[in-house]
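Here is the structure we will look at, set down as structure tokens.
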Amino acid sequence: MSLAKAKRFIIDRILDQAKRDGISLSDVETQMLGFAEESASATDMAVAQTFEREIDDERYEKTVAELIRRAYRRDKENNAIEAWEQPLDALADKDLYLGVMIQRAGISGASGLANLFDWRLLVGIAPALVFVAFGSFIAFSRTGEKLIPNDLLRLVILVICLTAPLLVHRMRSKTRL
């Protein structure tokens with residue numbers, strides 16, 4: 001997918017969601033959705049200067065990120081999420097103002113290594129790591145053997161600790177639907 005088509009898709013989704021939510025974006029705010037400094041024309045730079053003077057960029061980025069998040073969620077609920085994959089991937093490595101707000105929305109298309117160091121991933125994985133570490137400690141350490149001398153019981157605890165994160169994930173997935 002071309003960069004222009006990817007930007008147009010995301011911008012259209014933002015504007016559609018803003019309309020649904022009754023949020024009006026000024027012409028300058030709308031034009032800034034497609035801003036990229038490296039390819040900006042003189043007109044684009046003038047719009048950016050106007051934006052810097054007149055708009056609270058923190059509030060703007062927060063608003064647009066929330067619009068992106070809601071549009072994405074709505075498409076996900078309507079099983080239309082596949083349409084986002086190519087545009088997000090096309091924009092993932094580009095230096096665009098829109099990319100800042102996509103990342104802020106938490107739906108970055110840069111799957112794989114780009115999201116590996118995201119703190120939310122660590123927070124999501126931490127409970128599973130604790131379960132696995134605890135089960136391994138009980139099953140394989142000398143202290144675990146002293147605490148629970150029965151080999152079969154230690155094995156059962158290990159299996160429970162290894163499967164618990166999967167069960168918790170499935171329960172969370174079902175409650176989100």
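See the values below:
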| read-out | value |
| --- | --- |
| Leading residue at positive end of dipole, the chain (Cβ point charges), from Gln49, Phe137, Ala36 | Phe137 |
| Solvent-accessible area of Lys5 with every protein chain in place, 1.4 Å probe, in Å² to the nearest 10 | 140 Å² |
| Heavy-atom accessible area order for Asp27, Asp89, Asp21, largest first, 1.4 Å probe | Asp27, Asp89, Asp21 |
| Candidate lysines for bridging to Lys19, where Cα separation is under 30 Å - those fewer than 8 sequence places away on the same chain excluded | Lys5, Lys7, Lys62, Lys76, Lys94 |
| Sum of -39500 (n - 2.57) over DSSP H runs of 4+, divided by residues of the chain (222 nm, nearest 500) | -24500 deg cm²/dmol |
| Fully extended contour minus Cα-Cα distance, from Val130 to Met171, at 0.36 nm per residue | 12.9 nm |
| The chain, relative contact order [Cα under 8 Å, separation at least 6], % | 21 percent |
| Ranked order, Phe140, Phe35 - accessible area, probe 1.4 Å, largest first | Phe140, Phe35 |
| Magnitude of the charge dipole, the chain, Cβ model with Lys/Arg +1 and Asp/Glu -1, debye to 20 | 1180 debye |
| Residue-level accessible surface for Thr143, protein heavy atoms, 1.4 Å, Å² | 70 Å² |
| Shape of segment 1-76, Cα gyration tensor, a/c cut at 1.5 | oblate |
| Accessible surface of Val132 - all protein chains present, 1.4 Å probe, nearest 10 Å² | 60 Å² |
| Probe 1.4 Å, protein heavy atoms only - accessible area per residue of the chain in square angstrom | 68 Å² |
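The values are calculated or read from the model by the stated rules, or taken from the named source; none is laboratory data. Predicted model only: the values in this text are computed from it and were never measured. Here the Cβ is made from the backbone with ideal geometry for all residues, glycine too, and neighbour counts use every protein chain on show. Quick note on the areas: whole protein, heavy atoms, side chains included, nothing else; ligands and nucleic acids left out. Shrake-Rupley method; radii C 1.70, N 1.55, O 1.52, S 1.80 Å.
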